Amino acid sequence: MVKKQHDRHLESIGDFAIDAFQNDLLYWFEREQRILPWRKNRDAYRVWVSEIMLQQTRVDTVIPYYERFMERFPTAGDLAEAELEEVYKYWEGLGYYSRARNLHAAVQEVQEKYGGDVPNTPEDVHALKGVGPYTAGAILSIAYGLPEPAVDGNVMRVLSRILLIEDDIAKPSTRKLFEAIIRVIIAEHNPSFFNQALMELGALICIPRSPRCESCPVAVHCRARAAGIQKELPIKSKAKKGRIEQRAVALIGRPDGTWLIHRRPDTGLLADLWEFPHIEYANEVHMREELSVYLYKIFGIRAIPRERVMEHSHIFSHLQWNMQTYICTYEGEVPDAGVEEEKQRMKWVRPEEMDVYPFPVSHKKIADGLREGFQGSLL
């Protein structure tokens, strides 16, 4: 059934004015494209880094991170030679840290197998860690001028409207449909600008709720606009709601002015990042006792939660942490208690030294609050 639908969509392109669409789109992009730091040249490494950073992150947010990152790691070799913890530090605040971890591992592979030059074949690029179909298509088309599809949410929204496609864009099969469509309509003489133009059109004009059709350079080609249903497209099924967790965070300070931080495991959520000890709890009545028991069993530390100094939430793609942070009274360490592996991942550091350690956003807010004496913290 799905294959028949897709075949029908591909057949419908037969009476679509491909050449005119290409010309109108490229003419607009050549004159109206935004000046962005990753567009200064077509260096494949620079394109790669920008596309990884831009995943699920706004352009305005990415720009300062990208410029700082490229200043420190201007080549794939520079990034490959860096310690992962430093890479995390330059990524701090962007979130989705697995992107940074995969990028770091992949550039090490590029350094080892290709002498620091990002490969230029679909097979080799697709094989790099963390490089999915969209990123591979972006690298190959933008940097190397190959007519490869680069289909992201912006592109699917634009083409859903232009070609009046009502398939659910949340389904993997629909993404494959759009990849097939791009292979038919892409401007082979300039695939770099073509793919960037589709992305730009979706970001600036063919926006989600109120498309700016009056400013659209390809409005005359838009089948959804002709049918008056452009605002109803694309079709996208709703994602499941994320889980909500209540979290209690322990701030434990010793008399020497140092505070306990802990490095997360090297796999899973927020892998390898630093944080303050915390637990999930179900009942607020027993929460402080549970936190004390956790600190003793895991770290061999006797500490009693006292004053709540901060309350905030952090939302992941699939999860929300509602966090309450407590200053704890430190009562000493018990050498024979705790889990040795976890104790090896903990450190006592001064607040002013915490800038050296990469924290996830949720815990960086706590570190910042600790340095500032929690003035203005939400309670």
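Read-outs: derived from the displayed coordinates by stated rules, not from any lab. It should be emphasised that the depicted structure is a prediction, and the values quoted were computed from it without experimental measurement. Using ideal geometry, Cβ is built from the backbone for each residue, glycine included, and neighbour counts are taken over all protein chains shown.
For this structure, a couple of remarks:
- Rg then Dmax, both in Å and based on the Cα atoms of region 230-302: 18.7, 64.
- Taking 20 °C and 1.002 mPa s as conditions, the chain diffuses translationally at an estimated 91 µm²/s according to Stokes-Einstein applied to its Kirkwood radius (Cα pairs).
- Candidates Val218, Val249, Val285, ranked by Gaussian network fluctuation over the chain, Cα under 10 Å, top entry: Val285
- Length gained when the stretch Glu307-Glu342 is fully extended (0.36 nm per residue, less Cα-Cα span): 10.0 nm
- A simple packing score, the average count of other Cβ atoms within 10 Å per residue, orders the peptides 200-212, 140-152, 96-108, 335-347 as 140-152, 96-108, 200-212, 335-347, with the highest score first.
- Overall form of region 25-119 per C-alpha gyration tensor (a/c, 1.5; a/b vs b/c): oblate
- One decimal place: the segment Leu204-Ile235 gains 9.2 nm when fully extended, by the rule 0.36 nm per residue minus the C-alpha distance.
- 3J(HN,Hα) along region 173-181: 5, 6, 4, 5, 4, 5, 4, 5, 5 Hz, from the Karplus curve 6.51 cos²θ - 1.76 cosθ + 1.60 with θ = phi - 60°, whole Hz, x for Gly and Pro.
- Using a Gaussian network model of the chain in which every pair of alpha carbons under 10 angstrom is joined by a spring, one finds that among Pro360, Pro119, Pro172 the greatest mean-square fluctuation is at Pro172.
- Computed over region 243-371: relative contact order in percent, which uses C-alpha pairs under 8 Å that are six or more apart: 32
- Cα shape, region 257-379, gyration tensor, a/c 1.5 rule: rounded
- Computed over the chain, relative contact order equals 15 percent, with contacts defined as Cα pairs under 8 Å that lie 6+ residues apart.
- Shown here for region 72-117: GluC sites (Glu not before Pro) in loop regions (DSSP other than H, G, I, E, B) with at most 13 other Cβ atoms within 10 Å, namely Glu83.
- Using the rule -39500 (n - 2.57) for each DSSP H run of four or more residues, divided by the residues of the chain, the 222 nm mean residue ellipticity is -13000 deg cm²/dmol.
- Annotation: aspartates and glutamates with alpha-carbon distance below 17 angstrom to Lys113 (same-chain offsets under eight excluded): Asp78, Glu81, Glu123, Asp124.
- Dipole of region 203-317, positive end: most advanced residue of Leu295, His221, Ile252 [Cβ charges, Cα centre]: His221
- Top positive-direction residue, dipole computed over the chain with Cβ charges, set Met70, Ser237, Leu269: Ser237
- Placing +1 on each Lys and Arg Cβ and -1 on each Asp and Glu Cβ, with no other charges, gives region 2-100 a dipole about its Cα centre of roughly 200 debye.
- Rounded FRET efficiency, nearest 0.05, which uses the C-beta distance separating Asn120 from Gln33 and R0 of 35 Å: 0.90
- Spatial separation of Cα centroids for region 175-252 and region 81-110, in angstrom: 28
- For region 128-207, trypsin sites (Lys or Arg not before Pro) are listed when DSSP marks them as loop and at most 16 other Cβ atoms sit within 10 Å of their Cβ; the list is Lys129.
- Considering only the chain, percent of DSSP beta bridges that pair antiparallel, nearest 5: 65
- Dipole magnitude of the chain about its Cα centre (Cβ charges: Lys, Arg +1; Asp, Glu -1), debye to nearest 20: 1240
- Residues of region 220-240 with amide N under 16 Å of the 7 Å Cα→Cβ point at Lys171: 234-239
- Pairs exceeding 24 Å between alpha-carbon atoms, taken from Lys89/Lys129; Lys129/Lys176; Lys129/Lys364; Lys176/Lys240; Lys89/Lys238; Lys176/Lys236: Lys129/Lys364; Lys89/Lys238.
- Distance between the 7 Å Cα→Cβ label points at Ala227 and Glu289: 6.2 nm.
- Three-way shape label, region 163-263, alpha-carbon gyration tensor, a/c 1.5: prolate
- Bridging of Lys297 to aspartates and glutamates at a Cα separation below 19 Å is possible for Glu275, Glu280, Glu289, Glu331, Glu333, Asp336, Glu340, Glu341, Glu342, once same-chain residues fewer than 8 apart are set aside.
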